[in-house]
Every structure is written in C-alpha cells, then in structure tokens.
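Visitor: Structure in structure tokens, see below.
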Amino acid sequence: MIALELFVFAAAVGAGAFGALVGVGGGLIIVPMLSVFFGVEVHTAIGVSLLGVIAVSTSGAASYLHSGFANRRLGLTLLVATAAGGIGGGYVAGLLDARALSGLFAIVLVLVALQMLRSRGRPPEEVVGEAAALEIDASYREPTTGETIGYRARNVPIALGVSVVAGALSGLMGIGGGVVNVPTMNVLMGVPIRVATATSTFMLGATAAASAVLYLSRGQIDVVLAAVVVLGVFVGATVGARLSRRVPRNVLSALFVLVAGVFAAQMLIRFAGV
Amino acid sequence: MREPVRWTILALRAGQLTAAAFFGVALVAQLLIQPELSMSAATIGVLLVIATPAASLLATIAESWRSDRATVVAAILVLGVLLVASGIALLIGR
C-alpha cells in the first residue's frame with residue numbers, strides 16, 4: 001500500500017512539474033494515471049485531478065507572479081469570460097452534438113498547434129505607440145537571455161469570445177483550460193509563450209476550484225488519495241516553475257504543441273466513437 | 001511599473017503550506033492506522049486547496065485597490081462568477 005502511494009506521489013510530482021511548465025494543469029497525466037494504472041473510478045480520478053490542477057496553479061502561480069512571468073491582469077480579464085462561459089455556455093453547448101464538437105475542436109487544436117510551431121522562433125511584435133482601449137502593455141525579463149521584452153496583448157474582444165466558448169466547452173468535453181488559454185494568448189493575442197504558459201498556470205486554479213466544489217459535494221473526491229496527489233503536485237509544480245526559467249522559449253512552444261497533439265488525439269478518438 | 005503581487009503570492013503560499021501541513025498529518029495518521037484523524041485532516045486540506053484561489057483573489061483586490069482598478073474589477077467579477085458557479089454546482093449536486 002505504501003509502495004502504491006509512493007508511485008502515485010512520484011507520478012504527481014511529474015504531473016505537477018510538467019503542468020506548471022506548459023500551463024495546462026497536469027490533469028492530462030493525473031486522470032489516466034489514477035484511472036488506468038491504479039484502477040481508481042474515473043469520476044473520483046477527475047475529482048482528485050481537479051485538486052491537482054488547483055495545486056499546480058497555486059504553486060506555479062506564486063513562482064510565476066514573483067518572477068514577473070504571469071500577467072495577472074491579463075489572466076483575470078480572460079478568466080471573467082471563461083468562468084462566465086462555464087456557467088451559461090454549458091447549457092447551449094449541451095444542445096450540440098458532443099462528438100461533432102470533439103472533432104471540430106481537434107481540428108482547431110491541430111491548426112493552432114501548427115501555427116505555434118511555425119512562429120515559435122519569432123520574437124514578439126514590437127510595441128509601438130499607446131495601447132488601444134482593451135489592449136494590455138507589459139514586459140518581462142527573459143531568463144535565458146537576460147533581455148527585457150515588452151509585449152502588447154492584442155485582440156482582447158476576440159480572445160474574450162474564445163474564452164467564453166472555451167469555458168462552455170470545458171464542462172461539456174472535460175478539457176482543461178490550459179490547452180485553450182495558452183494558444184489564445186500566444187497565437188491570438190501575441191503574448192510571448194513564456195508569459196502565456198505562466199499566465200495560464202495562474203488562471204487554472206480558479207476554474208478548477210468551482211468544478212472541485214461539485215465533485216466534493218457529490219462525495220467523488222477520495223480525500224486521502226487527494227492528499228498524496230496534491231502533495232506530489234505541490235513539489236512538482238514548484239520545481240517546474242523554477243525549472244521553466246532554464247527552458248528556452250522555442251522548447252516551451254514545442255512542449256505545448258506536444259500537449260496539444262495529445263489532446264487533439266483524445267478528441268479525435270472521442271469523435272470516432274471509440 | 002510592475003503590478004503589486006506580494007499579497008497575492010502570500011495568500012497562494014499560505015494556502016499551499018497550510019494544506020500541505022494538513023495533508024502531511026493525514027498521511028502520518030494513515031500510517032499510524034488512525035483512519036478518522038486521517039480523513040478529518042485530509043478533508044480540511046482539501047477545503048484549504050479549494051479555498052486558496054478565492055483567498056488569492058481577495059488578496060489581489062486588497063493590494064490593487066489603490067493602484068489598478070481594472071485588476072480589482074476583474075478580480076471581483078471572477079470571484080463573483082466563481083461563487084455563483086459554486087452555488088449552482090452545490091444545488092445541482094444535491
């Protein structure tokens with residue numbers, strides 16, 4: 001029994017580190033790890049995973065806010081839309097064909113991932129003039145080069161629309177917010193990948209917390225198992241956030257593209273009805 | 001000028017550390033075959049984990065109140081939406 005818990009702890013450390021690194025929360029690893037390898041009932045696995053996602057966000061966000069990578073204002077702005085979409089949009093999304101949505105989402109994800117691959121070596125667009133009404137100007141110190149990089153978060157209204165849809169879809173398809181947050185910020189808004197992954201990590205906790213309340217109220221969280229997972233994630237996410245400073249930007253992009261590919265594959269499997 | 005984040009970081013770290021402490025007690029209690037203590041400590045840890053994002057939003061509101069009203073408004077909206085979502089989730093869950 002202790003050996004099993006040690007395995008779960010070690011896996012959670014890895015999930016936390018990876019989740020904090022690419023801004024996706026780690027659920028991609030935690031849920032299959034618990035349900036497939038350790039035979040945990042899937043709803044319980046999801047409930048525990050949600051706590052893991054909050055833990056990734058809590059640990060990672062503290063480090064990323066301290067280092068200046070996470071843009072809190074940008075994250076909160078998008079969170080308003082995502083959270084609102086999660087409440088209201090879920091009813092609309094429920095009227096649509098889940099399989100078709102999965103297929104569509106997979107295609108969009110692949111296209112976005114290709115775009116990220118194409119642009120991963122490119123520096124962010126130069127900030128010129130004053131920011132328009134909803135645009136957000138900020139800067140961060142790139143740790144691999146030491147240079148201060150200014151950036152402008154653009155296309156905010158479109159990004160808010162995407163976030164509403166993402167919030168609505170996440171409840172229907174059980175997808176994590178990070179897989180939408182990161183490309184929304186990086187590809188659509190022109191935010192550097194390091195800021196996008198860090199800000200996404202900051203955002204995840206709030207949305208996961210609302211879902212976790214539901215699972216807890218239904219008794220679908222094994223609290224002792226959650227203790228093991230969350231402790232592991234706390235360790236991993238703290239390490240992952242610090243490790244991210246040594247990871248070059250193009251590698252961060254490539255890692256995210258890998259995650260997007262796995263998500264797209266899952267969505268295609270769902271579309272195929274397997 | 002960089003946005004103030006000290007209190008937000010403090011709230012996140014405090015939530016993390018106190019939850020970790022209760023989870024540690026839970027696991028030690030489990031090893032000592034004290035299932036009731038283990039469950040109680042783990043449950044408190046879970047509640048702390050869930051409450052930490054809300055606590056960090058409150059900290060953000062407090063520390064940004066004078067300097068960044070846009071962030072304050074966004075944080076209040078997020079907190080409000082999350083409270084509504086949690087309320088709906090609890091109602092549906094029953």
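The values are calculated or read from the model by the stated rules, or taken from the named source; none is laboratory data. On a predicted model such as this, the values are computed, not experimentally measured, just so you know. Ideal geometry is used to build each Cβ from the backbone, glycine not excepted, and the neighbour counts take in all protein chains shown.
Visitor: Across the stretch A:54-85, which residue is farthest from the other protein chains (Cβ to nearest Cβ) among those that are crowded, with 24+ Cβ neighbours inside 10 Å and not in a helix (DSSP H, G or I)?
Guide: A:Phe69
Visitor: So is B:Gln16 in contact (Cβ under 8 Å) with a residue 24 or more places away in the chain and either at the interface with chain A (Cβ under 8 Å from one of its Cβ atoms) or over 26 Å from A:Tyr215 (Cα atoms) (or both) or not? Outline the logic, then answer.
Guide: On the way: in contact (Cβ under 8 Å) with a residue 24 or more places away in the chain: yes; either at the interface with chain A (Cβ under 8 Å from one of its Cβ atoms) or over 26 Å from A:Tyr215 (Cα atoms) (or both): yes.
Yes; evaluated as a whole, the condition is true for this residue.
Visitor: Only residues that are more than 7 Å from chain A (Cβ to nearest Cβ) and either within 16 Å of the chain's Cα centre (by Cα) or in a helix (DSSP H, G or I) (or both): list them for the stretch B:62-73, please.
Guide: Within the stretch B:62-73, B:Ala62, B:Glu63, B:Ser64, B:Arg69, B:Val72, B:Val73 meet the criteria.
Visitor: Taking the residues in the stretch B:40-53 that are within 7 Å of another protein chain (Cβ to nearest Cβ) and either without any contact (Cβ under 8 Å) to a residue 24 or more places away in the chain or within 14 Å of A:Gly205 (Cα to Cα) (or both) as candidates, determine which candidate is surrounded by the fewest Cβ atoms within 10 Å (Cβ to Cβ). Working first, answer last.
Guide: Let us first name the residues in the stretch B:40-53 that are within 7 Å of another protein chain (Cβ to nearest Cβ), namely B:42-43, B:45-46, B:49-50, B:52-53.
Cutting the leftovers down to either without any contact (Cβ under 8 Å) to a residue 24 or more places away in the chain or within 14 Å of A:Gly205 (Cα to Cα) (or both) gives us B:42-43, B:46, B:49-50, B:52-53.
Details: B:Ala42: 27, B:Thr43: 18, B:Val46: 27, B:Val49: 31, B:Ile50: 25, B:Thr52: 26, B:Pro53: 30.
Result: B:Thr43.
Visitor: Then there's this: Where in the stretch A:136-232 are the helices (runs of 4 or more DSSP H), entirely inside, with at least 1 residues that are within 9 Å of chain B (Cβ to nearest Cβ)? I'd like the intermediate steps shown before the answer.
Guide: Numbers: elements: A:156-173, A:178-183, A:193-217.
Answer list for the stretch A:136-232: A:193-217.
Visitor: Separate question: Identify all residues within the stretch A:234-265 that are within 18 Å of A:Leu111 (Cβ to Cβ) and crowded, with 19+ Cβ neighbours inside 10 Å; write none if there are none. Explain how you work it out, then say what you get.
Guide: Our first condition is that a residue be within 18 Å of A:Leu111 (Cβ to Cβ); within the stretch A:234-265, this holds for A:253-254, A:256-265.
Across the stretch A:234-265, the qualifying residues are A:Ser253, A:Phe256, A:Val257, A:Val259, A:Ala260, A:Phe263, A:Ala264.
Visitor: Determine which single condition A:Val233 fails, assuming it passes every other condition in (1) touching a residue at least 60 places away in the same chain (Cβ under 8 Å); (2) over 18 Å from A:Thr201 (Cβ atoms).
Guide: Exception for A:Val233: condition (2).
Visitor: A follow-up question, please. Which of the residues belonging to the stretch B:1-23 are more than 13 Å from B:Ala55 (Cα to Cα) and out of contact with any helix residue (DSSP H, G or I) (no Cβ under 7 Å at 6 or more places or on another chain)?
Guide: B:Met1, B:Arg2, B:Leu17, B:Ala21
Visitor: Inspect all residues belonging to the stretch B:74-85 and state whether any of them is loosely packed, with under 15 Cβ neighbours inside 10 Å, hydrophobic (A, V, I, L, M, F, W, C) and facing chain A (nearest Cβ under 7 Å). Quick ask: steps written out before the conclusion?
Guide: First, pick out the residues of the stretch B:74-85 that are loosely packed, with under 15 Cβ neighbours inside 10 Å: B:80, B:83-84.
If we keep only those that are hydrophobic (A, V, I, L, M, F, W, C) too, we end up with B:83-84.
Filter once more, keeping what is facing chain A (nearest Cβ under 7 Å): B:84.
Yes, that holds for at least one residue.
Visitor: Something else: Restricting to the stretch A:4-24, name every residue that is on the phi < 0 side of the Ramachandran plot and more than 13 Å from chain B (Cβ to nearest Cβ). Talk me through it step by step, then tell me what you get.
Guide: First, pick out the residues of the stretch A:4-24 that are on the phi < 0 side of the Ramachandran plot: A:4-22, A:24.
The answer is A:Phe7, A:Ala10, A:Ala11, A:Val13, A:Gly14, A:Ala15, A:Ala17, A:Phe18, A:Gly19, A:Leu21, A:Val22, A:Val24.
Visitor: Within the stretch B:19-38, can one find any residue that is facing chain A (nearest Cβ under 10 Å) and more than 19 Å from A:Asp222 (Cα to Cα)? Walk me through how you get there before you give the answer.
Guide: Taking the stretch B:19-38 first, the residues facing chain A (nearest Cβ under 10 Å) are B:19-20, B:22-27, B:29-31, B:35, B:38.
Restricting the remaining residues to those that are more than 19 Å from A:Asp222 (Cα to Cα) gives none.
Scanning the stretch B:19-38 turns up no residue that is facing chain A (nearest Cβ under 10 Å) and more than 19 Å from A:Asp222 (Cα to Cα).
Visitor: Please work out which residue is surrounded by the most Cβ atoms within 10 Å (Cβ to Cβ), limiting yourself to the stretch A:9-42 and to residues that are over 14 Å from the mean Cα position of the chain (by Cα) and within 20 Å of A:Gly60 (Cα to Cα).
Guide: Kept after step one, since they are over 14 Å from the mean Cα position of the chain (by Cα), are these residues of the stretch A:9-42: A:9-14, A:31-42.
Subsequent filtering for residues that are within 20 Å of A:Gly60 (Cα to Cα) retains A:9-14, A:31.
On the way: A:Phe9: 19, A:Ala10: 13, A:Ala11: 22, A:Ala12: 31, A:Val13: 21, A:Gly14: 18, A:Val31: 22.
Restricting to residues being over 14 Å from the mean Cα position of the chain (by Cα) and within 20 Å of A:Gly60 (Cα to Cα), the top hit is A:Ala12.
Visitor: Pick out the one residue from B:Ala55, B:Ala85, B:Ala59 that is part of a helix (DSSP H, G or I), among the hydrophobic types (A, V, I, L, M, F, W, C) and modelled with pLDDT under 95. Show your work before the answer.
Guide: Numbers: B:Ala55 fails: modelled with pLDDT under 95; B:Ala59 fails: modelled with pLDDT under 95.
Criteria check complete, one pass: B:Ala85.
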